[in-house]
Amino acid sequence: MTELITFGETMAAFVPKESGYLRYAGDLSIRAAGSESNVAIGVSKLGHSSAWISRLGADELGYLIRNAIRSEGVDTSRVVWDQEYPTGVMIKQVRKGSETSVFYYRNDSAASHMETLDWDFLRQAKIIYISGITPVISDSCKKLVLDVANFAEEYKIWIAFDPNIRKKLWKGKDYIPLMETIAKRSQILMLGEEEAKQIYETDDMGRICQRAFASGNLRYLALKKGADGAEVSDGENVIKIQPYPCTCVDPVGAGDAFNAGFLSGILEENELELCGRIGAIAGAMATESRGDTEGIPDRDMLERILKQQDQIYR
């Protein structure tokens, strides 16, 4: 059994080695970047089995992405290789004192042509993780997400959902009703304050819980508040999670890392507060590197942090 299975687009991310405008950039490094694969990697690093399903171009960037994700212990055996459409690309622009900018080159990418999954493989999951990015990249991906929701309901598999609102991908369309529809069908909902404002028209945890848990499906909710930590709820209790101290290099990927930590805690059937703490630790540590997942702690490191043990280096 694979504890967490997810599906969606991962792109080849080109990241400048120095901050500043891209027009003056010199060397760029290449990494794999995608919300779903970030979560799968984080869950794997934290000691649980995970799988990532996608469609990649049969090109060098596609093989790079598959190799990078597989090297972190994630099952990539259900990746489909596309001979016609290319692997998507994103380029980051990092400027000191300014939020990281992202430029997408993913129109008509291989992943945007996803239409179905290996349903027998998906049936073994304890949790299926869905990002709100996937249903907005194409009509076929939107249908696939709704098909997965129906499948999960039929086989009583939990859905974990993060709206991951990316207005650049919406292209003027209103996907808020779709985000709320998927949230209502989920058992685990993880979202940021700005996303809560857009979906629930508030960032007040009490009011969010009132609406989100009204579906009768939801079991856990996490409101991510960045440098202010998080709030988590099981529908009866709301617990504030203090931020874990870190030195932020790049905040991109922090939300995915929080999700990985929070879901790992749920898979372990931990108390709600501990699930939130693991999420906060993973999210904070992810910001300490340029890549989305390199900073996420492995299981041994997490245990030392939770037990407040120092690592011996020499």
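The values are calculated or read from the model by the stated rules, or taken from the named source; none is laboratory data. Predicted model only: the values in this text are computed from it and were never measured. Glycine gets a Cβ as well: all are built from the backbone with ideal geometry, and neighbour counts include every protein chain shown. We work out accessible area using only protein heavy atoms, side chains counted, and drop any ligands, DNA or RNA first. Shrake-Rupley method; radii C 1.70, N 1.55, O 1.52, S 1.80 Å.
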Exercise. Residue by residue through segment 179-184, which ³J(HN,Hα) values in whole Hz follow from phi under the Karplus form 6.51 cos²θ - 1.76 cosθ + 1.60 (θ = phi - 60°), with glycine and proline marked x?
Worked result: 4, 5, 4, 5, 4, 5
Exercise. Got a sec? Charge dipole of the chain, +1 on Cβ for Lys and Arg, -1 for Asp and Glu; which of TYR24, TYR175, TYR63 is way out at the positive end?
Worked result: TYR24
Exercise. Any idea what the dipole of segment 219-311 comes to, in debye rounded to 20, about its Cα centre with Lys/Arg Cβ at +1 and Asp/Glu Cβ at -1?
Worked result: 180 debye
Exercise. Can you tell me the accessible area per residue over the chain, all protein chains present, probe 1.4 angstrom, in square angstrom?
Worked result: 47 Å²
Exercise. What does segment 213-314 give for Rg and for Dmax, in Å, if only its C-alpha atoms count?
Worked result: 13.8, 54
For this session: List the residues whose amide H sits under 5 Å from the amide H of ARG106, counting only those 5 or more places along or on another chain, with H placed 1.01 Å from N in the peptide plane.
Result: VAL89
Exercise. For LYS173, which lysines qualify as cross-link partners when the Cα separation must be under 19 Å and same-chain residues fewer than eight apart are set aside?
Worked result: LYS142, LYS143, LYS197
Exercise. Using alpha carbons only, what's the Rg to Rh ratio of segment 91-162 with Rh from Kirkwood?
Worked result: 1.11
For this session: For the chain, calculate the relative contact order in percent as a whole number, restricting contacts to Cα pairs under 8 Å that are 6 or more residues apart.
Result: 15 percent
For this session: Quick one: accessible surface of LYS45, probe radius 1.4 Å, all protein chains present, in square angstrom to the nearest 10.
Result: 40 Å²
For this session: Taking all pairs of distinct Cα atoms, average 1/r, flip it, and tell me the Kirkwood hydrodynamic radius of segment 1-80 in Å to one decimal place.
Result: 13.3 Å
Exercise. For segment 224-314, what relative contact order do you get, as a whole percent, if you take Cα pairs closer than 8 Å and at least 6 residues apart?
Worked result: 27 percent
Exercise. Between segment 1-74 and segment 139-216, what's the alpha-carbon centroid distance in Å?
Worked result: 23 Å
For this session: Can you tell me the FRET efficiency between GLU236 and ARG123 if r is taken as the Cβ-Cβ distance and R0 is 35 Å, rounded to the nearest 0.05?
Result: 0.70
For this session: Pull up all non-local amide H partners of VAL80: gap of 5 or more, or a different chain, and H-to-H distance under 5 Å with H placed in the peptide plane.
Result: SER54, ARG55, LEU56
Exercise. Dipole of the chain, Cα-centred, from +1 at each Lys and Arg C-beta and -1 at each Asp and Glu C-beta, to the nearest 20 debye?
Worked result: 540 debye
Problem set entry | For segment 32-40, 3J(HN,Hα) per residue [Karplus equation, 6.51 cos²θ - 1.76 cosθ + 1.60, θ = phi - 60°, Hz, x = Gly/Pro] | 8, 9, x, 4, 5, 5, 4, 5, 4
Problem set entry | Residues with amide H under 5 Å from that of ILE241, placed H, sequence gap 5 or more | ALA230, GLU231, VAL232
For this session: Treat every Asp and Glu Cβ in segment 197-258 as -1 and every Lys and Arg Cβ as +1, leave all other atoms uncharged, and give the resulting dipole magnitude about the Cα centre to the nearest 20 debye.
Result: 100 debye
Exercise. If the cut-off is a Cα-Cα distance under 18 Å, which lysines reach LYS240, setting aside same-chain residues fewer than 8 apart in sequence?
Worked result: LYS224, LYS225
Exercise. How high is the relative contact order of segment 181-225, in percent, counting Cα pairs under 8 Å that sit 6 or more residues apart?
Worked result: 56 percent
Seminar exercise, completed: Compactness check, segment 122-268: C-alpha Rg relative to the 2.2 N^0.38 Å globular estimate gives 1.02
Problem set entry | GNM flexibility winner over the chain from SER49, SER131, SER186 (Cα, springs under 10 Å) | SER49
For this session: Tabulate in residue order the Karplus-calculated ³J(HN,Hα) for segment 195-205, using 6.51 cos²θ - 1.76 cosθ + 1.60 with θ = phi - 60°, rounded to whole Hz; enter x for Gly and Pro.
Result: 5, 4, 4, 6, 8, 10, 6, 6, 10, 7, 4
